[in-house]
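Here's the structure we're looking at; comments come further down.
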Amino acid sequence: MENWRLNKMVTIKQALDDEVACNEWFLPGNSCCAGCGLEIALRWAMKALGPNTVLVTPASCLNVVIGLWPKTAPNFPFTNMAFAAGASAATGISEALKAKAYRFPGKNWEKITTLVFAGDGGTTDIGIQALSGAAERNSNIIYTCYDNEAYMNTGIQRSSSTPHGAKTTTTTLGKERYKKNLPAIMAAHEIPYVATCSISEPLDIYKKYKKAKTIEGCKYIHILAPCPPGWNYPSEDTVEIARLAVKTGVWPLYEIENGILRMHKKSHPLLDPSKRKPLIDYLSRQKRFAGMSEQSLIELQQNIDNDWKMLASRLHAQES
Ligand SMILES: Cc1ncc(C[n+]2csc(CCOP(=O)(O)OP(=O)(O)O)c2C)c(N)n1
Ligand code: SF4
Ligand SMILES: [Mg+2]
């Protein structure tokens, strides 16, 4: 085995500090497509959270790929939920667990984590009012948006999380509008924890979920999860494409804990635009961006730069 690969494996092993993390909780043999980013996201989130977790899954690819009992992939309790109701169902579960802990002290009901894993359609469009309500109530849940940037399960329709220029079956010439910045919207709710992740940084996913588990209240984690059939690239490129999203600045990695923004070590240097890889390196790997006009490219770049300026001004305000 190549040395760098061996070193990386040793680092990962050292970081997975407990037995729970060395186990698999979202089992292989499920019906995800080859190279599915969602599968990597859930696998690593569950390594951090362990089986003492209840998963709520609104209508989405995940809803389907978990499979049918007794051959279901999650090796822990989960519930399928109506499309719009992920956050409200999770609030109900977490309140029920609180009531159980009160009525039956010493049984560790309060140690169970309530987790939502919802797609971008289920989060940025149809689930946003339930999510906003849960955030305002500060419900004790971890809400995850796994973002494959379209309604994949029903045939690649655009969502408000689809980026400018991307072709879907409902934006055949490329989407005109820009991606909705949901992490920023959630941060504006002033919940205790908001984070972004990429499936190319599994240890970052692991650490952020470990942290989220210890925080009381509403936690929001948004994971970029590439999708080979939806983004139109070869399945073996998933991790590389997610990595390019980070390196080009398309997807900044950060966390906002009690209002304090911290950039991930791979994103912090990119506050300087000259350190970012060219946007085209990311776009040219995916056929959904094929044929994008020069003007669209410039507009997308401006939109990305504006998001970075917002992050930089927040960091600057913190420091002064
Ligand atoms: C109220 C309602 N409208 C539409 C659907 C059909 N539907 C099921 S999954 C899905 C797409 C979900 O997209 P997203 O949340 O992005 O998850 P993904 O499929 O991309 O994983 C749709 C439209 C539904 N189940 N319920
Ligand atoms: S369509 Fe995309 S998100 Fe859905 S299972 Fe396949 S790769 Fe995963
Ligand atoms: Mg989606």
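The values are calculated or read from the model by the stated rules, or taken from the named source; none is laboratory data. All of these numbers come straight from a predicted model, not from anything done at the bench. In this analysis, Cβ positions are derived from the backbone assuming ideal geometry, glycine residues included, and neighbour counts consider all displayed protein chains.
I'd like to check something: does region 177-196 contain any residue that is surrounded by 24 or more Cβ atoms within 10 Å (Cβ to Cβ), modelled with pLDDT of 95 or more and near ligand 1 (Cβ under 10 Å from one of its atoms)? Don't jump to the end; show me each part of the working.
Let us first name the residues in region 177-196 that are surrounded by 24 or more Cβ atoms within 10 Å (Cβ to Cβ), namely 186, 194-196.
Still in the running and modelled with pLDDT of 95 or more: 186, 194-196.
Checking which are near ligand 1 (Cβ under 10 Å from one of its atoms) leaves us with none.
No, the conditions are met nowhere in region 177-196.
Does S198 satisfy the condition of being within 16 Å of ligand 2 (Cβ to nearest atom), of a type in the set (G, A, S) and in contact with a Leu (Cβ under 7 Å, 6 or more places away or on another chain)?
Against the criterion (within 16 Å of ligand 2 (Cβ to nearest atom), of a type in the set (G, A, S) and in contact with a Leu (Cβ under 7 Å, 6 or more places away or on another chain)), S198 qualifies.
How many residues does region 288-311 hold that are surrounded by 15 or more Cβ atoms within 10 Å (Cβ to Cβ) and either without any contact (Cβ under 8 Å) to a residue 12 or more places away in the chain or touching a Leu at 6+ places or on another chain (Cβ under 9 Å) (or both)?
Looking only at that region, the number is 8.
Do you know which of the residues in region 44-64 that are surrounded by fewer than 20 Cβ atoms within 10 Å (Cβ to Cβ) and within 16 Å of ligand 1 (Cβ to nearest atom) is farthest from A84 (Cα to Cα)?
Within region 44-64, the match that is farthest from A84 (Cα to Cα) is V64.
Y206: in contact (Cβ under 8 Å) with a residue 12 or more places away in the chain, among the hydroxyl-bearing types (S, T, Y), outside any helix (DSSP H, G or I) and crowded, with 18+ Cβ neighbours inside 10 Å, yes or no?
no
Of the conditions (1) over 18 Å from the mean Cα position of the chain (by Cα); (2) surrounded by fewer than 17 Cβ atoms within 10 Å (Cβ to Cβ), K266 fails just one. Which one is it?
The number of the failed condition is (1).
Every residue in region 144-170 that is more than 12 Å from ligand 3 (Cβ to nearest atom) and either part of a helix (DSSP H, G or I) or touching a Leu at 6+ places or on another chain (Cβ under 6 Å) (or both), please.
Across region 144-170, the qualifying residues are H164, G165.
Name the helices (runs of 4 or more DSSP H) wholly within region 16-76 that hold at least 1 residues that are within 16 Å of ligand 3 (Cβ to nearest atom) and modelled with pLDDT of 95 or more?
Here the list reads 37-49, 61-65.
List every residue pair whose Cβ atoms sit under 9 Å apart, with the two residues 6 or more apart in sequence or on different chains, where the first one lies in region 30-47 and is in contact (Cβ under 8 Å) with a residue 24 or more places away in the chain and the second, anywhere, is near ligand 2 (Cβ under 8 Å from one of its atoms) and among the basic types (K, R).
Matching pairs, first to second residue: none at all.
Look through region 197-230, keep the residues that are touching a helix residue (DSSP H, G or I) at 6+ places or on another chain (Cβ under 7 Å) and of a type in the set (V, I, T), and return whichever of them is farthest from ligand 1 (Cβ to nearest atom).
Checking each candidate, the answer is I205.
Which pairs turn up if I take residues in region 227-247 that are within 16 Å of ligand 3 (Cβ to nearest atom) and look for partners that are modelled with pLDDT under 95 with beta carbon separation below 8 Å, at least 6 apart in sequence or on another chain?
none
So, in region 123-155, how many residues would count as being within 12 Å of ligand 2 (Cβ to nearest atom), buried (at least 24 other Cβ atoms within 10 Å of the Cβ) and not hydroxyl-bearing (S, T, Y)? Before you say what the answer is, go through the steps one by one.
Step one: list which residues in region 123-155 are within 12 Å of ligand 2 (Cβ to nearest atom), which gives 146-155.
If we keep only those that are buried (at least 24 other Cβ atoms within 10 Å of the Cβ) too, we end up with 146-152.
Narrowing the set further to residues that are not hydroxyl-bearing (S, T, Y) leaves 147-150, 152.
The qualifying residues number 5.
Does region 104-116 contain any residue that is surrounded by 15 or more Cβ atoms within 10 Å (Cβ to Cβ) and within 16 Å of ligand 2 (Cβ to nearest atom)?
no
Return the only residue of G133, G174, G121 being more than 16 Å from ligand 3 (Cβ to nearest atom) and either outside any loop (DSSP other than H, G, I, E, B) or more than 24 Å from I304 (Cα to Cα) (or both). Break it down into steps so the answer makes sense when it comes.
On the way: G174 fails: either outside any loop (DSSP other than H, G, I, E, B) or more than 24 Å from I304 (Cα to Cα) (or both); G121 fails: more than 16 Å from ligand 3 (Cβ to nearest atom).
Of the residues listed, the single one that is more than 16 Å from ligand 3 (Cβ to nearest atom) and either outside any loop (DSSP other than H, G, I, E, B) or more than 24 Å from I304 (Cα to Cα) (or both) is G133.
So, in region 269-285, exactly how many residues are outside any loop (DSSP other than H, G, I, E, B) and surrounded by fewer than 17 Cβ atoms within 10 Å (Cβ to Cβ)?
6
Name the single residue that is nearest to ligand 2 (Cβ to nearest atom) among those in region 213-228 being in contact with a Pro (Cβ under 9 Å, 6 or more places away or on another chain) and outside any strand (DSSP E or B).
P228
Is it the case, given these coordinates, that S94 is of a type in the set (S, T, N, Q), in a helix (DSSP H, G or I) and closer than 30 Å to N306 by Cα?
Against the criterion (of a type in the set (S, T, N, Q), in a helix (DSSP H, G or I) and closer than 30 Å to N306 by Cα), S94 does not qualify.
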